[in-house]
Amino acid sequence: MEDEISFDGLDRLAQTFDTASATRSRLAKRDILKNYLQKLSPETLPHAVTYLCGRPFPRSDSRKLSMGGAALMAAIRLLNPEITDEEIQASWLRWSDPGDVAAELLHSIALELSAFTISDMAATFDQLSETSGAAGKSLILSSALARMSVAGARTFVKILSGETRTGIREAAVEEAVSSAFDVPLEEIRSANRHRANLGSAALDAATGNALTDGFTYFSPVDPMLAQPAESAEEIVQRIGSPILIEDKYDGIRCQLHKAQGVVRLYSRDRKEITGQFPDVVEAFQANPGEYALDGEIMVIENGIIQSFARLQQRLNRVKPDKSVLQANPAGLVVFDLIAQDSDSLLELPLTDRRTRLEAISLPEGQILTQQYSAANAEEIEILFAEAIARGNEGLMAKSGASLYHSGRRGAHWMKMKRPLETLDCVIVGAEWGHGRRREVLSDYTFAVRDTKSGSLVTIGKAYGGLTDAEIVEMTARLKEITLAEFGRYRTVEPEIVLEIACNGIQLSARHKSGYALRFPRIARIRTDKGVIDISTTEDVERIYRAAMRMGIEQPA
C-alpha cells in the first residue's frame with residue numbers, strides 16, 4: 001500500500017508526519033524527513049517543506065487563513081449533516097485538537113486513499129486566504145475535505161490550524177534539507193534567516209542554485225528570542241563571561257525598516273503596524289540612512305519611558321487620532337541593528353552590530369538602550385536590582401558573539417525577570433458572568449502549553465483586570481470562536497492570549513497543567529501574541545521553583 005501513495009500527495013505527507021512523530025531520536029527524524037524530501041518534485045518541495053514546519057505559508061508570507069473552529073465544524077456538517085452537537089462537543093472534549101476532531105468526525109465519510117496532492121493543498125490555502133466570510137471559507141474547506149483520506153484530513157487541518165504537535169521543529173527540517181541536498185547546514189540556516197522561507201531555500205539547494213541572500217527590506221524576519229533564566233548563576237554558566245546586559249522593557253516588540261524614503265513597522269509576528277504608530281514613523285522619516293532596527297515600542301514622554309498602562313491606550317487603534325497621539329506619544333527603544341544600507345547584519349556578532357548601531361544618530365525622542373557588562377553572578381544581581389528599580393521587567397543577558405538567530409530561542413540571549421513574572425496564557429473557555437455582568441462572557445478559563453506533548457493544559461480561571469468596554473469586545477469575539485456550549489460555559493478556539501499575573505503558584509491536581517495560580521488576574525490582552533507564543537509548563541515550573549527559592553509562600 002505504501003508504494004501506491006504518491007510522494008507528491010497529501011497522504012505521503014501525513015505518513016511522514018506520523019512516522020517522524022513516532023520517534024524521539026533527532027537523527028532518526030532527520031533521516032525520515034530527508035528520505036521524503038529527496039523524492040519530491042520541484043513543484044511540490046517548497047510547499048512540503050513549509051508544511052513540515054507546521055504552517056500553511058512561509059514565515060515571510062503575511063497571509064492569514066482566519067479559519068476558526070466554528071467554520072471548520074460548519075464545513076464538516078456540509079459533508080455530514082447528521083452529525084449532532086453532542087457528537088461535536090464530545091469530540092472536542094476528547095481530543096482538544098482540530099486535526100484529531102476532524103479525523104474522528106470524518107471517519108465515516110472520507111475515502112481510505114486519496115489522490116489529493118500537495119499542490120491541491122497549496123491551492124486550497126490560497127483560496128481560503130482570499131475568501132472573506134466564514135460561510136465561503138466553509139464551502140471551500142468542505143469541498144477539499146471531501147477529496148481527502150482520514151489521515152490526510154487530520155494532517156491538513158493540523159497545518160491549517162497551526163496545531164501540528166508532531167515534535168518536528170523547524171531546526172530539524174533545516175537539518176533534513178541540508179542532509180537531503182548535501183548543502184552545509186549553516187548555509188541553509190543563513191538562507192532561512194534572511195528569507196524567512198525555508199521552502200524557497202530548499203528548492204535552491206535541490207536545484208543547485210546559490211543560497212546567498214542580502215537583506216530584503218519590508219520583508220520582516222522573525223525576531224531573535226531569549227531563553228528564560230532561573231538565576232544569575234545560570235546566565236554565567238550558559239553564556240560565559242563577559243556578558244552584555246540590557247534592561248528588559250515592557251513594551252511591544254517592533255522591527256522598523258527604513259529604505260528608499262519609506263518607513264514601515266512590524267510586530268513580533270511580522271504583522272505590519274505602521275498605521276498604529278504614525279508618530280514613530282514621522283520621527284524616522286527624515287532621519288538619514290537605510291536600516292532595519294529591532295526594539296520595543298513604548299510611550300516616551302520628555303525622554304522618559306512610561307509604563308505599559310500608558311502604551312495600552314494606543315493598542316488596537318488602527319488610525320489613532322491626534323488627541324491620542326498627544327496624550328500618549330510613542331517612540332522606539334532600540335537595542336539591535338539587523339541591516340544597514342544593502343548589508344544584512346544577521347551573520348555579524350552582536351558586538352559588531354552594536355558598534356554600527358551606536359554610529360547611527362537616532363531621531364529626537366527615540367532611545368538607544370544602555371548596555372552594561374557583567375563578569376559574574378554578583379554583578380548580574382546588582383544590575384537586575386537596578387533594572388527593577390527603574391520600573392522595568394528585569395534584564396536581558398546577551399553573548400557578545402551571538403549572531404542574530406531569527407526566530408530562535410536559545411542561550412545566546414537570556415532573560416531574567418521577577419520570580420513571579422507574568423504568564424502568557426490562551427483562553428480555552430468562557431462563562432457568562434453574574435449580577436451586572438450576566439449578559440457578558442466575563443469569566444475566562446485559560447491554558448498554557450504542555451512542554452512534552454505540545455497540547456494545551458488548563459492552569460486557571462480569571463475574571464478581573466479588564467474594563468467593561470474590553471469585556472464587551474471580548475464577548476463578541478468569544479461568540480465568534482465558540483466551539484461548543486455547555487449551559488453557561490462554552491469552549492472556544494484557542495486564539496486570544498492574555499497576560500496573567502498572580503500572587504503565587506501551587507501544585508494542583510485540579511488543572512491538567514499540574515499547577516494552579518493563586519489570585520490570578522488579567523494584566524492585559526496580548527494582541528501582539530498568538531497561541532504559538534504562550535507560556536509552557538516548563539515556564540510555570542521554572543517560576544514555581546524560583547519563587548520557592550525566594551521564600552515566596554506557596555499555599556497548599
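The values are calculated or read from the model by the stated rules, or taken from the named source; none is laboratory data. Keep in mind the model is a prediction, meaning the values are calculated, not measured. Quick reminder, even Gly has a Cβ in these numbers, built from the backbone with ideal geometry, and neighbours come from all protein chains shown.
Of everything in region 259-278 that's free of Cβ contacts under 8 Å to residues at least 40 places away in the same chain and not hydroxyl-bearing (Ser, Thr, Tyr), which residue is farthest from residue 331 (Cα to Cα)? Result: 261. Taken together, the criteria place residue 190 among residues that are within 17 Å of residue 406 (Cα to Cα), outside the structural domain of residue 289 (by TED's automatic domain parsing), of a type in the set (Ser, Thr, Tyr) and part of a helix (DSSP H, G or I). Looking at residue 255, is it part of a strand (DSSP E or B), modelled with pLDDT under 95 and either buried (at least 20 other Cβ atoms within 10 Å of the Cβ) or under 26 Å from the mean Cα position of the chain (by Cα) (or both)? Here the answer is no, as residue 255 does not meet what is asked. Listed by first and then second residue, the pairs linking a residue in region 169-190 that is in contact (Cβ under 8 Å) with a residue 40 or more places away in the chain to a residue that is among the polar types (S, T, N, Q) and not in a helix (DSSP H, G or I), with Cβ atoms under 6 Å apart and 6 or more places separating them unless they lie on different chains, are 180/38. Only one of the numbered conditions (1) within 29 Å of residue 226 (Cα to Cα); (2) hydrophobic (A, V, I, L, M, F, W, C); (3) in contact with a helix residue (DSSP H, G or I) (Cβ under 8 Å, 6 or more places away or on another chain) is not met by residue 500, and that is (3). Is it the case, given these coordinates, that residue 494 is touching a Cys at 6+ places or on another chain (Cβ under 8 Å), of a type outside the set (Val, Ile, Thr), farther than 19 Å from residue 228 by Cα and surrounded by 14 or more Cβ atoms within 10 Å (Cβ to Cβ)? Taking the combined requirement at face value, the residue does not satisfy it.
Inside region 349-399, residues that are touching a Phe, Trp or Tyr at 6+ places or on another chain (Cβ under 8 Å) and at pLDDT below 95 make up a count of 3. Screening residue 321 with (1) under 24 Å from residue 216 (Cβ atoms); (2) surrounded by fewer than 19 Cβ atoms within 10 Å (Cβ to Cβ) gives one miss only, at (1). Restricting 325, 293 to residues that are modelled with pLDDT of 90 or more, closer than 24 Å to residue 246 by Cα and among the hydrophobic types (A, V, I, L, M, F, W, C) narrows the list to 293.
Residues in region 268-283 that are in contact with a strand residue (DSSP E or B) (Cβ under 6 Å, 6 or more places away or on another chain) and over 23 Å from residue 224 (Cα atoms): 279 only. Scanning for something touching a helix residue (DSSP H, G or I) at 6+ places or on another chain (Cβ under 6 Å) and touching a residue at least 60 places away in the same chain (Cβ under 8 Å), does region 433-447 turn up at least one residue? Among the residues of region 433-447, not one is touching a helix residue (DSSP H, G or I) at 6+ places or on another chain (Cβ under 6 Å) and touching a residue at least 60 places away in the same chain (Cβ under 8 Å), which makes the answer no. When each of 333, 299 is tested for being touching an Asp or Glu at 6+ places or on another chain (Cβ under 6 Å) and either assigned to a strand (DSSP E or B) or polar (S, T, N, Q) (or both), the lone residue that passes is 333.
Scanning region 372-391 for residues that are buried (at least 18 other Cβ atoms within 10 Å of the Cβ) and touching a Lys or Arg at 6+ places or on another chain (Cβ under 8 Å) returns a single hit, 387.
Where helices (runs of 4 or more DSSP H) fall entirely within region 62-172, those with at least 1 residues that are at pLDDT below 85 and surrounded by fewer than 19 Cβ atoms within 10 Å (Cβ to Cβ) are at 69-79, 85-95.
Out of 441, 456, 403, one residue alone is outside the structural domain of residue 497 (by TED's automatic domain parsing) and surrounded by 20 or more Cβ atoms within 10 Å (Cβ to Cβ). It is 403. A count restricted to region 457-492 and to residues that are in contact with a strand residue (DSSP E or B) (Cβ under 6 Å, 6 or more places away or on another chain) and not β-branched (Val, Ile, Thr) stands at 13.
Restricted to strands (runs of 3 or more DSSP E) entirely inside region 362-435, those with at least 2 residues that are closer than 30 Å to residue 487 by Cβ are 423-432.
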